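Chemist: Here you go, one structure.
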Amino acid sequence: MTQPQAFALAILIGLMVAFIWGRLRYDLIAVLALLAAIFTGIVPHKAAFSGFGDDIVIIVASAFVLSAAIERSGVIGHSSIASHLA
């Protein structure tokens, strides 16, 4: 096993342990794993964040923000359709 393979395996095992442990948020675990992959040289630093500029990532992130805002505003809970379904 080469050194980059060992680093990648260690990062994956660390990810699984952190996910199962459940004490940290999932997004924080993912960012920490990406940073670990950058610092160990598995992922080139110029390519590490290039996927975040993709259109679909921005669309999905916007949908999450919009849905959270609608949920927190209470619009869904006060609508007539939601009250009939509940």
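FYI, it's all coordinate maths here, none of it is from the lab. Values in this document were obtained by computation on a predicted structure and should not be read as measured data.
Chemist: Enumerate the calculated ³J(HN,Hα) couplings along the stretch 59-73 in order (Karplus 6.51 cos²θ - 1.76 cosθ + 1.60, θ = phi - 60°), each rounded to whole Hz, writing x wherever the residue is Gly or Pro.
Modeler: Coupling constants for the stretch 59-73: 5, 5, 4, 5, 5, 5, 5, 5, 5, 5, 5, 5, 5, 6, 6 Hz.
Chemist: Suppose the chain between residue 12 and residue 28 were pulled fully straight at 0.36 nm per residue; how much longer would it get relative to their current alpha carbon spacing?
Modeler: 4.3 nm
Chemist: Computed on alpha carbon atoms, what radius of gyration and Dmax characterise the chain, expressed in Å?
Modeler: Rg, Dmax (Cα atoms, Å): 19.2, 61.
Chemist: Name the residues whose placed amide hydrogens come within less than 5 Å of the amide hydrogen of residue 43, ignoring near sequence neighbours (fewer than 5 apart) on the same chain.
Modeler: Answer set, sorted by chain and number: 38.
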